[in-house]
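Visitor: The following block contains the structure, expressed as structure tokens.
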Amino acid sequence: MKLIHYTHNHPGLTAWSPFNRLATWADLFETAFETGHGAWAPPLDLLDRGGHLEVRLELAGMKREDFDITLEDDTLTIAGRREVSNAVRNERPGGSFSRSVTLPSPVESAQATASYENGVLTIRLPKTEAAKPRRITVGNN
Amino acid sequence: MSHEPATNPDARTTTPAATVHSTTDGWTLELEMPGVPRDAVEISCHDDMLTVIGRRPATTEEPAPLHAEIDHSDYQRAFRLDPAIDAAAITASMEQGLLTLVLPKAEAAKPRKVAVA
């Protein structure tokens, strides 16, 4: 998936025109053909398991090395590409995909792990000590 | 082979996305069933109906997701087989949630070359 960049051919022109907000034809074609069937987004779940966050992405028929997982500040991005060959009938989307999720709490990025099993990518992100839940007992006065 | 309509009478199951490839020996059918282990796939053939069921393992106690897009219901889909398919010779394999079924044509239905005597 790619963001369509709006072009401003007439930066001096102040009058509003709907055509100024149209993407160029090249951008539209690039977006349309990149995935073959338009943009696609494999479904994603985010769970807070107390000590760690868990992100799950369902995507059948990939190889482990086909995933590109990056963590930048509080944004986790999972990108990849799946080739789908020509078929008599095809319902399986193919091409490039990218999913991003904003993590609700700080994580120890160096201790993050990922596994891919039965077509489900699971990313485990341990929270920083400060972000972990802690029980506070009421003291005696 | 033809597809049954993608409607599902059982609301608790979801219809897996499918791809059909045509080969010289028959057809290859791919079904996407992420979350289903190899041993939780049931494939049955009755008359000309091929039914595929994929069961997700029962989830252990887990917190309510902060964000949820994944449909955690089981998969089910039926296909009407072309009469040329040899149902007894159908084979299946499962790799990372992708079920691949090889549906060979019966020997009698395969194209053959006839040499001119």
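Visitor: For segment A:87-116, give me each residue that is in a strand (DSSP E or B), open to solvent by 70 Å² or more (accessible area, probe 1.4 Å) and at the interface with another protein chain (Cβ under 9 Å from one of its Cβ atoms).
Guide: Result: A:Arg89, single match.
Visitor: May I pose another question? Since A:Arg81 meets every condition but one in (1) open to solvent by 20 Å² or more (accessible area, probe 1.4 Å); (2) under 16 Å from A:Arg49 (Cα atoms), which condition does it not meet?
Guide: Exception for A:Arg81: condition (2).
Visitor: Does at least one position in segment B:29-39 carry a residue that is within 14 Å of chain A (Cβ to nearest Cβ) and surrounded by fewer than 15 Cβ atoms within 10 Å (Cβ to Cβ)?
Guide: Yes: segment B:29-39 contains one or more residues that are within 14 Å of chain A (Cβ to nearest Cβ) and surrounded by fewer than 15 Cβ atoms within 10 Å (Cβ to Cβ).
Visitor: Considering segment A:58-70 alone, what residues qualify as being at the interface with chain B (Cβ under 9 Å from one of its Cβ atoms) and assigned to a strand (DSSP E or B)?
Guide: A:Glu58
Visitor: In the list A:Glu30, A:Glu65, A:Glu54, A:Glu72, which residue meets the criterion of being at pLDDT 95 or above and of a type in the set (Asp, Glu)?
Guide: Among A:Glu30, A:Glu65, A:Glu54, A:Glu72, only A:Glu54 is at pLDDT 95 or above and of a type in the set (Asp, Glu).
Visitor: Among the numbered criteria (1) crowded, with 19+ Cβ neighbours inside 10 Å; (2) more than 23 Å from B:Pro63 (Cβ to Cβ); (3) within 10 Å of chain B (Cβ to nearest Cβ), which one does A:Val55 miss?
Guide: Checking A:Val55 against (1) crowded, with 19+ Cβ neighbours inside 10 Å; (2) more than 23 Å from B:Pro63 (Cβ to Cβ); (3) within 10 Å of chain B (Cβ to nearest Cβ), the one that fails is (2).
Visitor: Looking only at segment A:123-141, which residues are touching a residue at least 40 places away in the same chain (Cβ under 8 Å) and open to solvent by 40 Å² or more (accessible area, probe 1.4 Å)?
Guide: Within segment A:123-141, A:Arg124, A:Lys132, A:Pro133 qualify.
Visitor: What is the number of the single condition among (1) more than 8 Å from chain B (Cβ to nearest Cβ); (2) in a loop (DSSP other than H, G, I, E, B); (3) of a type outside the set (Gly, Ala, Ser) that A:Val84 does not meet?
Guide: If we test A:Val84 against (1) more than 8 Å from chain B (Cβ to nearest Cβ); (2) in a loop (DSSP other than H, G, I, E, B); (3) of a type outside the set (Gly, Ala, Ser), just (1) comes out false.
Visitor: Only one of (1) open to solvent by 40 Å² or more (accessible area, probe 1.4 Å); (2) under 30 Å from A:Glu54 (Cβ atoms); (3) among the polar types (S, T, N, Q) fails for B:Ser73. Which number is that?
Guide: The single condition B:Ser73 does not satisfy is (1).
Visitor: In the set B:Thr19, B:Thr59, which member is within 14 Å of chain A (Cβ to nearest Cβ) and either open to solvent by 30 Å² or more (accessible area, probe 1.4 Å) or touching a helix residue (DSSP H, G or I) at 6+ places or on another chain (Cβ under 7 Å) (or both)?
Guide: Exactly one residue qualifies, and that residue is B:Thr59.
Visitor: Could you pull out the residue among B:Ala89, B:Ala68, B:Ala84 that is open to solvent by 30 Å² or more (accessible area, probe 1.4 Å), more than 20 Å from A:Glu91 (Cβ to Cβ) and more than 11 Å from chain A (Cβ to nearest Cβ)?
Guide: B:Ala89
Visitor: Condition first: open to solvent by 70 Å² or more (accessible area, probe 1.4 Å) and within 30 Å of A:Arg49 (Cβ to Cβ). Now tell me which residues in segment B:92-117 satisfy that.
Guide: B:Glu95
The values are calculated or read from the model by the stated rules, or taken from the named source; none is laboratory data. Remember, predicted model here, so these are calculated numbers, not experimental data. Please note: Cβ atoms are built from the backbone with ideal geometry, for glycine as well, and neighbour counts cover all protein chains shown. Note: accessible area is taken over every heavy atom of the protein model, side chains too, but ligands, DNA and RNA are not part of it. Shrake-Rupley method; radii C 1.70, N 1.55, O 1.52, S 1.80 Å.
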